[in-house]
Amino acid sequence: ALVSLQSQTQFRVDGFQYDGKTDGSEKGFFSLLRGGMRTITGLIGRFNRENYKINTPVATIGIRGTEYTAVLDPANENLAVNTGEGLVEVCNAAGCILLASGESGIVSGQTKPKHSNNKPLLPPTPILAEATAPVFSTAENRTDSGAIAPISSPLTSGSDYSAAIVGW
């Protein structure tokens, strides 16, 4: 499975079990406490859908498919969900809704989940400050002490050159 979290998101792993077998014993229980996420579910829940849940203060998300986006605004007690592929079930004490591929839904407070025409948006991560911008270097560009030094001129491009970004 893949989970992509928006900045400032609070996400908790409540329970996880996977022994390399998809026999129904695998489990993934999580909590989205604040913020937004996009996930593509993997092998957990494929045979027993009850073994995968994401709890929020507003509703619980269960899978019936593979890819969805969820954005939680705890201040307004709103949860917005969009299914990219498959089928997602969103439930709270007032009821449940199934969201098929391309469908969106919203839960406000303790009201029954309902369909929505608005997809939840995950804004891009803010641009890094100048002080935290990446520094480019090569193994041949060293300081007198042997430490890697940044390149002050632009990187050379062409068919005989390649670049790799590590640790960013």
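For this structure, a couple of remarks:
- Residue that is most open to solvent (accessible area, probe 1.4 Å) [pool: residues in region 57-66 that are modelled with pLDDT of 85 or more and part of a loop (DSSP other than H, G, I, E, B)]: 57
- Within region 6-20, tally of residues that are out of contact with any helix residue (DSSP H, G or I) (no Cβ under 9 Å at 6 or more places or on another chain) and open to solvent by less than 80 Å² (accessible area, probe 1.4 Å): 7
- Residue match in region 21-37 (condition: part of a loop (DSSP other than H, G, I, E, B), modelled with pLDDT under 85, touching a Leu at 6+ places or on another chain (Cβ under 7 Å) and surrounded by fewer than 20 Cβ atoms within 10 Å (Cβ to Cβ)): yes
- Qualifying residue in region 98-108 (condition: touching a helix residue (DSSP H, G or I) at 6+ places or on another chain (Cβ under 9 Å) and either open to solvent by 60 Å² or more (accessible area, probe 1.4 Å) or farther than 18 Å from residue 122 by Cβ (or both)): no
- Taking the criterion of being within 18 Å of the chain's Cα centre (by Cα), surrounded by fewer than 20 Cβ atoms within 10 Å (Cβ to Cβ) and not charged (D, E, K, R), the residues of region 79-97 that qualify are 84, 86, 87.
- Exactly one residue out of 69, 60 is among the hydroxyl-bearing types (Ser, Thr, Tyr), out of contact with any Gly (no Cβ under 9 Å at 6 or more places or on another chain) and in contact (Cβ under 8 Å) with a residue 24 or more places away in the chain: that is 60.
- Pairs are defined by a Cβ separation below 8 Å, a sequence spacing of at least 6 or placement on different chains, a first member in region 84-95 that is within 17 Å of residue 122 (Cβ to Cβ) and in contact (Cβ under 8 Å) with a residue 24 or more places away in the chain, and a second member that is open to solvent by 30 Å² or more (accessible area, probe 1.4 Å) and aliphatic (A, V, I, L, M); the pairs so defined are 88/98.
- Qualifying residue in region 101-116 (condition: among the β-branched types (Val, Ile, Thr) and assigned to a loop (DSSP other than H, G, I, E, B)): yes
- Scanning region 38-49 for residues that are at pLDDT below 85, basic (Lys, Arg) and in a strand (DSSP E or B) yields no hits at all.
- Checklist (1) closer than 21 Å to residue 114 by Cα; (2) open to solvent by 40 Å² or more (accessible area, probe 1.4 Å) applied to residue 54, failing item: (2)
The values are calculated or read from the model by the stated rules, or taken from the named source; none is laboratory data. As the structure is a computational prediction, the values presented were derived from the model and not from experiment. As a convention, Cβ positions derive from the backbone with ideal geometry for all residues, glycine included, and neighbour counts pool all protein chains shown. Remember, those area values only see protein heavy atoms, side chains included, never the ligands or the DNA or RNA. Shrake-Rupley method; radii C 1.70, N 1.55, O 1.52, S 1.80 Å.
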